[in-house]
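This report concerns only the one structure given below.
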Amino acid sequence: MTQYVLRRLVLMVPVALLVTVISFALLRLSPGDPVLVFAGEERDPASLTALRHELGLDRPLPVQYAAWLNHALRGDFGRSIRTRRPVLPSIVERLPATLELGLAALTFSVTVALFVGTLSALKRNSAVDLLATGFTLAGVSLPGFYLGLGLILLFALVFRWFPPGGYVPFVEDPGGNLRRLVLPAITIATGSLAVNLRQVRSAMLDVLNQDYIRTARAKGLVEQVVIARHALKNALIPLVTLVGLQVGAVIEGAIITETIFFWPGVGRLAVDSINGRDYPVVQAIVLVSALSFMASTLAVDLLYAWLDPRISYSERRT
Amino acid sequence: MASRRSVIRGAVLLVGVSPLASLAACGPSGSEPQPKATTASATTAPATAAQAGGSIVFALESDVINFDPLVSRAFVDRNAHYQIYDSLVRIDATGKIIPWLAESWETSSDGLKLTFKLRKDVKFHDDAADKPSKFDAESVKWNIDRYRTTAGSQRSGELAPIDSVDVVDQYTVRFNLKSPASHLLAALVDRAGMMVSRKAVEAVGQADFTNKAFRAGTGPFMLTEAVKDDHITLIRNADWWGRDKDGSKLPYLDKITVRPITSSEVRLTNLKTGDAQVMNNVAGKDVAGVKLESTLQYQEKGAYSYDSMIPNRKEGFIFNDARYIKAVAMAMDRKEILDKVRFGVGAIGYGPIAQNHFAFDPNFKPFEKPDPDGAKKLIQEVGKPLSFEFLVSSGDAVTLQLAQLIQAQLQKASIDAQIVQLEFAQILQQQTDKVFKGVALTGWSGRIDPDGNTYDFVVTGAPQNDPSYSNKEVDRLMNEQRQTSDEAKRKAALQAAQKIFVVDDPARIWYGFGVSQLLTNKKVTGLEPYPDRIVRFQYAKLAK
């Protein structure tokens, strides 16, 4: 088991390297010059040339990449072209906000999906099931920015239950933090909720028809135990895969929602940096995002073994 | 020898009472800080305690990127700069240049020396425990030299006319110019004239200063906190030199929290819920609605910004034939654009010189009535139908609507404009490389002096001359207006040049002016829009 984990961790290194090469190449291939965007409407050629030189953007691409990698390996991701701030601290200081939002959304999505999905599988074609199925369809179809604006109008402006966005660190004002968390978390959760709910429902339907469920019922187990211990646990495996991917995608998922709710997370930094062709920042965010994706896939694989004893990663010695 | 005119101008502004008093009468709460002479007695008078104090939230369209005026490029940065830093001169709400850190100034008769007399009661914010550094002629020399000589300075272009800076005495400083430059003073209103504490810069170092510019100015508010993309905190500078018209100390507010909120809908919602009290950029479609809000007050004023379409006049491109440009200018219905896309917010325009510029000509209306038939004739004269690529930046629905409306208008003159949506970064690149095929829809945020709206766009080889425009007479007139500080002469030259580069041999197609907006909670008083679209918070009062 330990060996398996170690091997997976070592394999992450070439993948991460490949990610940096690809993101570097894609960024440089996409049209748009960071110095020009930074200069905005005022373009004094002399100062642009000077700035390009200062940032090393006038050197050959392989040299630029080598220099970037050389620094990155030592933990120095350079400075942002737009804001001149060191890149790593700018990302690290935003991670808590993004993680909080992403995990809140995920918790909400998974909890509701489990309850409603199971219910809807048990009462197939009932009103609850139809409502849930209808909701999933709407959830998948609604773009995040539209839903976000709608929630702000309804719950911030009309009912005034929640503030229309913003962020307060939890340690400073726990109540304020949670109140501001609700609307963006629901916005993000709605998209994945639809997917998760459908997954739980169909997996449950599938499992409920299995022989072992009939056996469990036949041996006189209480229905709740049949559902919770025999059906749900087996129906969880596909959900774990999905959720694992969603954890890995927390940063991407937050991009639009963070912008609407002015939530100061990594997603918003990503948007601004891509628009500004802020190469060092985008490269670092892509790397962080890729690493978190790899880590969550590993976690999912390990969870499988726990959920299903038939799956084992130990080396068999015969 | 100082020119008589500039001495008189400086002196009138120094005494200040009459122009400032009249200004105060038309502004909502009186306006510019009064000159020192009137403040001596006022310092002993109690401050208007009933209305002083309080904190507000300012919803800004995007996050402040750079606090150091030396590296700042983004328009949005100036909303913070104007609260934190004082510059040598400023403008009043009508756009007239007024004394600020400089009490007066004079230009020598040959136009090569610009001398400033400075205020003597100005201190930097950098005190913390020990003594704050004092602002004097040495500070000016250090700042101007920093802007001129630091590698990567974004101010070196604006200050290019300066050859050297001399400290004449502790409160007198002289700029020696390479050649007469009538537009230089206007540059000193903004970032190039902003005074930064040397102590603050040296404490954190040049590279980090732009992110750690805490307690670094002399202005009405001090920057004490900056959390990227979340908020910045500005705290009242109790030692600021400015006084209101009654002689009370400015500013009134204790604290301003600036929150960057990119969505204009969400900004507006924050104003409506009371989570923010001030914003300065309202979408055209929302203006009619906010005027009806009982808790909000909406104000607007003509701005220096303009809307334009940039043709590529380079050889080998379709708009190399200037008649085509004129045909497009003739076919457009500017009023329809203003009414339908801008919801009547803004003004119709034909050239780059705006309503609040001294050189504005209200009678200059060359394309007042849309003339698709005239445009058709002009195209027939060229002999080949006009079809071109119309570059529009993606991501904004209103911009696309605007482009589609223009497309429909041009259709009436049988002009085929093919809309191509690209990211702003890509359009910028094509403009700079001068490889865009037809026209790019790109405006300009506007400058205080009309030179800043014209020169760099129309003079041969100038940095922003994206159409590759070249007209000898325009070059001559534009350089002539830089050589003299006589406003009447400048106005004549600018207007003559404008007629050429708009009508006779067009460089661009101009079709409208922007607007400076201010939306405030009614509890906040004292604010009024300025033509540069930046809020002056030192005059804001908050009702309890």
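The values are calculated or read from the model by the stated rules, or taken from the named source; none is laboratory data. The model shown is predicted, which means the values in this text are computed figures rather than measured ones. So basically every Cβ, Gly included, is an ideal-geometry build from the backbone, and we count neighbours across all protein chains shown. Ligands, DNA and RNA are stripped out before the accessible areas are found, and what is left, the full protein with its side chains, is counted by its heavy atoms. Shrake-Rupley method; radii C 1.70, N 1.55, O 1.52, S 1.80 Å.
Among what's in region B:525-544 and is among the aliphatic types (A, V, I, L, M) and over 24 Å from the mean Cα position of the chain (by Cα), pick the residue that is most open to solvent (accessible area, probe 1.4 Å).
B:Ala543
Give the residue that is nearest to the other protein chains (Cβ to nearest Cβ), with candidates limited to residues of region A:96-105 that are of a type in the set (A, V, I, L, M, F, W, C) and open to solvent by less than 20 Å² (accessible area, probe 1.4 Å).
Residue satisfying both the conditions and the ranking: A:Ala97.
Which residue is farthest from the other protein chains (Cβ to nearest Cβ), if the candidates are limited to region B:57-98 and must be within 28 Å of B:Leu542 (Cβ to Cβ) and assigned to a strand (DSSP E or B)?
Filtering first and then ranking leaves B:Ile98.
Could you look through region B:62-81, keep only residues that are at pLDDT 85 or above and aliphatic (A, V, I, L, M), and pick out the one that is nearest to the chain's Cα centre (by Cα)?
Per the criteria, the residue is B:Val76.
Starting from residues that are buried (at least 22 other Cβ atoms within 10 Å of the Cβ) and either among the β-branched types (Val, Ile, Thr) or modelled with pLDDT of 95 or more (or both), keep the ones in region B:163-183 and report whichever is nearest to the chain's Cα centre (by Cα).
B:Phe175
Could you check region B:398-416 and list, in sequence order, the residues that are open to solvent by 50 Å² or more (accessible area, probe 1.4 Å) and more than 25 Å from the chain's Cα centre (by Cα)?
Answer for region B:398-416, where residues must be open to solvent by 50 Å² or more (accessible area, probe 1.4 Å) and more than 25 Å from the chain's Cα centre (by Cα): B:Gln401, B:Gln404, B:Gln407, B:Ala408, B:Gln411, B:Lys412, B:Ser414, B:Asp416.
Just give me the residues in region A:25-55 being β-branched (Val, Ile, Thr) and facing chain B (nearest Cβ under 7 Å), in sequence order.
The answer is A:Val37, and nothing else.
Going through B:Ile232, B:Ile256 one at a time, which residue ends up being within 19 Å of B:Val57 (Cα to Cα), out of contact with any Lys or Arg (no Cβ under 8 Å at 6 or more places or on another chain), within 14 Å of another protein chain (Cβ to nearest Cβ) and not hydroxyl-bearing (Ser, Thr, Tyr)?
So the residue among B:Ile232, B:Ile256 that is within 19 Å of B:Val57 (Cα to Cα), out of contact with any Lys or Arg (no Cβ under 8 Å at 6 or more places or on another chain), within 14 Å of another protein chain (Cβ to nearest Cβ) and not hydroxyl-bearing (Ser, Thr, Tyr) is B:Ile232.
Condition check ((1) in a strand (DSSP E or B); (2) among the hydroxyl-bearing types (Ser, Thr, Tyr)) across all residues:
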{"position": "B:Val189", "(1), (2)": "no, no"}
{"position": "B:Val196", "(1), (2)": "no, no"}
{"position": "B:Ala216", "(1), (2)": "no, no"}
{"position": "B:Leu223", "(1), (2)": "yes, no"}
{"position": "B:Ala226", "(1), (2)": "yes, no"}
{"position": "B:Asp229", "(1), (2)": "no, no"}
{"position": "B:Ile232", "(1), (2)": "yes, no"}
{"position": "B:Asp239", "(1), (2)": "no, no"}
{"position": "B:Tyr252", "(1), (2)": "no, yes"}
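For region B:219-234, give me each residue that is touching a Leu at 6+ places or on another chain (Cβ under 8 Å) and open to solvent by 50 Å² or more (accessible area, probe 1.4 Å).
B:Thr224
Name every residue in region A:59-103 that is farther than 25 Å from B:Asp230 by Cβ and hydrophobic (A, V, I, L, M, F, W, C), in order of residue number.
Across region A:59-103, the qualifying residues are A:Leu61, A:Val63, A:Ala66, A:Ala67, A:Trp68, A:Leu69, A:Ala72, A:Leu73.
Got a sec? Which of B:Ile310, B:Ile353 is open to solvent by less than 30 Å² (accessible area, probe 1.4 Å), in a loop (DSSP other than H, G, I, E, B) and touching a residue at least 12 places away in the same chain (Cβ under 8 Å)?
Of B:Ile310, B:Ile353, the one residue that is open to solvent by less than 30 Å² (accessible area, probe 1.4 Å), in a loop (DSSP other than H, G, I, E, B) and touching a residue at least 12 places away in the same chain (Cβ under 8 Å) is B:Ile353.
Considering only region B:261-281, state which residues are closer than 22 Å to B:Gly54 by Cβ and outside any helix (DSSP H, G or I).
Correct list: B:Ile261, B:Gly274, B:Asp275, B:Ala276, B:Gln277, B:Val278, B:Met279, B:Asn280.
Go through region A:1-37 and count every residue that is open to solvent by less than 20 Å² (accessible area, probe 1.4 Å) and part of a helix (DSSP H, G or I).
7
Checking the structure you have, find out if any residue of region A:271-288 is farther than 20 Å from B:Thr262 by Cα, away from chain B (no Cβ under 14 Å), buried (at least 19 other Cβ atoms within 10 Å of the Cβ) and modelled with pLDDT under 85.
For region A:271-288, residues farther than 20 Å from B:Thr262 by Cα, away from chain B (no Cβ under 14 Å), buried (at least 19 other Cβ atoms within 10 Å of the Cβ) and modelled with pLDDT under 85: absent.
Tell me, yes or no, whether region A:81-95 has at least one residue that is open to solvent by less than 50 Å² (accessible area, probe 1.4 Å) and either more than 14 Å from every other protein chain (Cβ to nearest Cβ) or more than 30 Å from A:Leu57 (Cα to Cα) (or both).
No: region A:81-95 contains no residue that is open to solvent by less than 50 Å² (accessible area, probe 1.4 Å) and either more than 14 Å from every other protein chain (Cβ to nearest Cβ) or more than 30 Å from A:Leu57 (Cα to Cα) (or both).
Among the candidates B:Ala359, B:Ala403, which residue alone is in contact with a helix residue (DSSP H, G or I) (Cβ under 9 Å, 6 or more places away or on another chain) and of a type in the set (Gly, Ala, Ser)?
Exactly one of B:Ala359, B:Ala403 is in contact with a helix residue (DSSP H, G or I) (Cβ under 9 Å, 6 or more places away or on another chain) and of a type in the set (Gly, Ala, Ser), namely B:Ala359.
State all residues of region A:230-252 that are within 28 Å of A:Pro34 (Cα to Cα) and surrounded by fewer than 24 Cβ atoms within 10 Å (Cβ to Cβ); if no residue qualifies, say none.
Those that are within 28 Å of A:Pro34 (Cα to Cα) and surrounded by fewer than 24 Cβ atoms within 10 Å (Cβ to Cβ): A:Ala249, A:Glu252.
Within region B:381-395, can you find the residues that are among the hydroxyl-bearing types (Ser, Thr, Tyr) and surrounded by fewer than 16 Cβ atoms within 10 Å (Cβ to Cβ)?
B:Ser387, B:Ser394
Applying the selection to region B:260-280, what residues are within 18 Å of B:Leu542 (Cα to Cα) and within 25 Å of the chain's Cα centre (by Cα)?
B:Leu271, B:Ala276, B:Gln277, B:Val278, B:Met279, B:Asn280, listed by residue number.
Restricting attention to region B:382-405, does a residue exist that is over 30 Å from B:Arg533 (Cα atoms) and of a type in the set (Phe, Trp, Tyr)?
yes
Residue check, B:Ser156 against (1) in contact (Cβ under 8 Å) with a residue 40 or more places away in the chain; (2) part of a loop (DSSP other than H, G, I, E, B), all met but one. Which one?
Every listed condition holds for B:Ser156 apart from (1).
Among the listed residues B:Ile419, B:Ile427, identify the single one that is within 21 Å of B:Tyr324 (Cβ to Cβ), in a helix (DSSP H, G or I) and open to solvent by less than 70 Å² (accessible area, probe 1.4 Å).
Going through B:Ile419, B:Ile427 in turn, just one is within 21 Å of B:Tyr324 (Cβ to Cβ), in a helix (DSSP H, G or I) and open to solvent by less than 70 Å² (accessible area, probe 1.4 Å): B:Ile427.
Quick one: A:Asp76 ticks every box in (1) open to solvent by 30 Å² or more (accessible area, probe 1.4 Å); (2) more than 29 Å from the chain's Cα centre (by Cα) bar one, so which box is it?
Every listed condition holds for A:Asp76 apart from (2).
Considering only region B:438-450, I want to know if a residue exists there that is in a helix (DSSP H, G or I), in contact (Cβ under 8 Å) with a residue 60 or more places away in the chain, under 21 Å from B:Leu184 (Cβ atoms) and open to solvent by 30 Å² or more (accessible area, probe 1.4 Å).
no
Which one is nearest to the other protein chains (Cβ to nearest Cβ), of the residues in region B:265-276 that are open to solvent by less than 30 Å² (accessible area, probe 1.4 Å) and in contact (Cβ under 8 Å) with a residue 24 or more places away in the chain?
B:Asn270
B:Ser179 is checked against (1) of a type outside the set (A, V, I, L, M); (2) away from chain A (no Cβ under 14 Å); (3) free of Cβ contacts under 8 Å to residues at least 12 places away in the same chain and fails just one. What number does that condition carry?
(3)
Search region B:42-56 for residues being at pLDDT 90 or above and not in a loop (DSSP other than H, G, I, E, B), and hand back the single one that is nearest to the chain's Cα centre (by Cα).
B:Ile56
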